[in-house]
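The values are calculated or read from the model by the stated rules, or taken from the named source; none is laboratory data. Being a predicted model, the structure only gives us computed values, none of them experimental. Backbone-built Cβ (ideal geometry, glycine too); neighbour counts: all protein chains shown.
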């Protein structure tokens with residue numbers, strides 16, 4: 001890919017949604033798919049297009065910094081994959097990125113992104129970050145069709161299911177002719193002047209930009225979409241994305257080399273273990289002294305009104321056990337080597353700091369997180385009412401499933417005596 005200094009096309013990536021239906025405890029674009037987020041995966045194909053384009057990211061207010069980090073990492077990844085000139089090419093790609101805060105509605109967010117598009121841009125694509133596995137070739141085809149026809153262009157797939165009209169009472173009516181239906185996807189492409197004019201004259205909210213442009217009287221054309229351009233909306237969609245990425249990784253993974261034991265015999269089980277590892281970690285913290293003003297943090301959540309734990313950071317034994325389990329599995333040391341107890345940067349730090357950095361360290365070493373399981377031993381707090389909330393928060397930070405269970409020790413040991421809390425974590429990692 002050759003970076004041009006003044007691209008005449010732009011892609012607005014809408015990533016400002018809350019993702020409530022996904023139920024991951026974080027804005028959808030920042031939920032992990034594997035070792036990377038939905039947003040990161042959506043940027044890879046855009047940065048890998050045949051022609052350079054300005055890239056405008058529209059994200060929830062307050063998450064501009066996180067988006068910048070994702071974009072920088074994605075730019076470096078694409079540059080490395082194409083064998084480009086390392087940091088120089090990655091920096092060139094990142095120079096094409098602009099990040100803005102979204103609005104109250106999707107339409108408001110697109111309008112904010114449109115205002116950040118450079119004046120020289122003639123073709124604008126609008127893309128939902130949730131369609132993060134859309135291939136680069138779809139973006140290229142949409143731009144080419146807009147330039148060829150001058151019309152607005154939307155990709156989509158034929159509707160294969162039988163579709164019927166149903167009234168508000170649930171009564172089934174006519175069958176809709178599916179030959180006239182299209183399941184619409186993104187990116188949707190427009191002439192810059194057409195999209196500007198349509199937004200300037202908008203008097204209602206529309207579900208997509210093509211509808212807004214059509215309402216303004218401009219022609220809209222369709223072209224073939226792609227099966228992988230589905231929208232990640234529910235947990236099932238997220239799992240589908242993880243499965244597809246796993247299949248891609250398996251297709252491109254090098255064949256494992258035979259490993260010989262000390263006796264010179266092949267050891268296929270050991271060779272398999274090199275692509276999948278398990279680690280165990282544990283952590284213990286004592287309760288803070290009576291009268292302490294600290295807040296208890298456990299499993300990535302604050303527990304107001306509960307007795308806090310001592311520690312240089314927040315004392316979250318669940319988070320710390322997870323970090324040790326992951327580092328142990330990857331043979332990357334332990335939490336003390338990555339986060340020193342005298343490091344001012346982690347003083348009072350919470351799960352986001354620990355888990356985000358650990359996840360990146362593993363990714364840099366070529367590992368992806370499969371899943372993590374944690375057991376907590378404590379007399380208090382009562383964990384079960386917030387178990388699902390804790391699992392969602394930790395899973396979002398790691399980009400992988402995390403399960404947490406709690407138990408007591410029937411009054412035995414320091415946890416049974418109410419002197420502190422302990423946690424043990426088991427982590428599975430796989431070659432990325």
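I need a count of the residues in the range 367-392 that are surrounded by fewer than 16 Cβ atoms within 10 Å (Cβ to Cβ) and under 17 Å from residue 33 (Cβ atoms).
Selection size over the range 367-392: 1.
Evaluate the following for residue 327: is it part of a loop (DSSP other than H, G, I, E, B), under 29 Å from the mean Cα position of the chain (by Cα) and closer than 23 Å to residue 368 by Cβ?
no
Given the options 360, 387, name the one that is on the phi < 0 side of the Ramachandran plot, part of a helix (DSSP H, G or I) and within 20 Å of the chain's Cα centre (by Cα).
On the way: 387 fails: within 20 Å of the chain's Cα centre (by Cα).
One residue alone meets the criteria, 360.
What number of residues within the range 161-193 satisfy the criterion of being closer than 23 Å to residue 128 by Cα and under 32 Å from the mean Cα position of the chain (by Cα)?
Narrowing the range 161-193 to residues closer than 23 Å to residue 128 by Cα: 181-193.
From the residues that got through so far, the ones that are under 32 Å from the mean Cα position of the chain (by Cα) too are 181-192.
Counting residues in the range 161-193 that are closer than 23 Å to residue 128 by Cα and under 32 Å from the mean Cα position of the chain (by Cα) gives 12.
Could you check the range 279-303 and list, in sequence order, the residues that are part of a loop (DSSP other than H, G, I, E, B) and either out of contact with any strand residue (DSSP E or B) (no Cβ under 8 Å at 6 or more places or on another chain) or outside the structural domain of residue 375 (by TED's automatic domain parsing) (or both)?
Residues satisfying the conditions are 289, 290, 291, 292, 293, 300.
If you go through the range 198-205 one residue at a time, do you hit one that is in contact with a strand residue (DSSP E or B) (Cβ under 9 Å, 6 or more places away or on another chain), in the same structural domain as residue 29 (by TED's automatic domain parsing), crowded, with 16+ Cβ neighbours inside 10 Å and in contact (Cβ under 8 Å) with a residue 60 or more places away in the chain?
no
In the range 173-192, what count of residues is obtained for those that are exposed (fewer than 11 other Cβ atoms within 10 Å of the Cβ) and in a helix (DSSP H, G or I)? Quick ask: steps written out before the conclusion?
Kept after step one, since they are exposed (fewer than 11 other Cβ atoms within 10 Å of the Cβ), are these residues of the range 173-192: 173-175, 177, 179-180.
Of the ones still in play, those that are also in a helix (DSSP H, G or I) are 179-180.
Here the count works out to 2.
Conditions first: (1) over 20 Å from residue 278 (Cα atoms); (2) touching a residue at least 40 places away in the same chain (Cβ under 8 Å); (3) surrounded by 17 or more Cβ atoms within 10 Å (Cβ to Cβ). Residue 323 passes all but one, so which condition is the exception?
(1)
How many residues does the range 326-346 hold that are within 14 Å of residue 359 (Cβ to Cβ) and surrounded by fewer than 12 Cβ atoms within 10 Å (Cβ to Cβ)?
Selection size over the range 326-346: 0.
Across the range 393-418, what is the total count of residues that are assigned to a helix (DSSP H, G or I) and either surrounded by 19 or more Cβ atoms within 10 Å (Cβ to Cβ) or not assigned by TED's automatic domain parsing to the domain that holds residue 325 (or both)? Give the steps one after another, and end with the answer.
We begin by selecting, within the range 393-418, every residue assigned to a helix (DSSP H, G or I); these are 393-398, 413-416.
So of that shortlist, the ones also either surrounded by 19 or more Cβ atoms within 10 Å (Cβ to Cβ) or not assigned by TED's automatic domain parsing to the domain that holds residue 325 (or both) come out as 393-398, 415.
So the count comes out to 7.
Considering only residues that are under 24 Å from residue 238 (Cα atoms) and touching a residue at least 60 places away in the same chain (Cβ under 8 Å), which ones fall in the range 361-390? Give the derivation first.
Of the range 361-390, the ones under 24 Å from residue 238 (Cα atoms) are 361-364, 366-374, 386-390.
Hits for the range 361-390 are 362, 363, 366, 367, 368, 369, 370, 374, 386, 389, 390.
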